[in-house]
Amino acid sequence: MRTNNEMIRRFLLAFKKAVSQGNWEILQRRAIYASSLELNITQIKILLLQLTPDEYFSGPTIDRNRRTELLWVFHKDADSGTYFYIKLKLVAGHAKVISFHKTIY
C-alpha cells in the first residue's frame, strides 16, 4: 500500500483528537521505558500532539500481534537534538503508543 500525505494527515488528525480527549495510553512496557527518558506524561503528550506529516517514517503496516490493527512510525526531532522513534496505532478511536524511544541518526 502506498501512503500519501493525505492518509498521514488523516491518521495524525484522528490520533491527536483521541490524545486531546484523554483517550490514549502508552503501553505499560513502553511507559516504563519512556519514563527512563526523563520525560513526563505531559511532555510525551506534547510531543505526540506536535507530530507532523513531515515526521512520518513508515506505515501503515499490519501489527504482527494483532493482524487487524495498523502501525504507523514517526521520527520526531524534539528541538534539543534528541530524536525519537515513535510507533503508534489507533484502534476504534483509542490512541496507543506502542514504542517511544530515542533514536540515533
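Remarks
- Between the amide H of residue 27 and those of 97, distances stay under 5 Å, these residues lying 5 or more places away or on another chain, with hydrogens modeled in the peptide plane.
- Among 26, 40, 75 - extreme Cα towards positive end, dipole of segment 5-103, charges at beta-carbon: 26
- Rounded to 0.05, the FRET efficiency of the residue 64 and residue 38 pair, given R0 = 22 Å and the Cβ-Cβ distance, is 0.15.
Every read-out reported here was derived from the displayed coordinates using simple, explicitly stated rules and does not represent laboratory data. Since this is a predicted model, take the numbers as computed values, not measurements. Cβ atoms come from the backbone with ideal geometry, glycine included; neighbour counts cover every protein chain shown.
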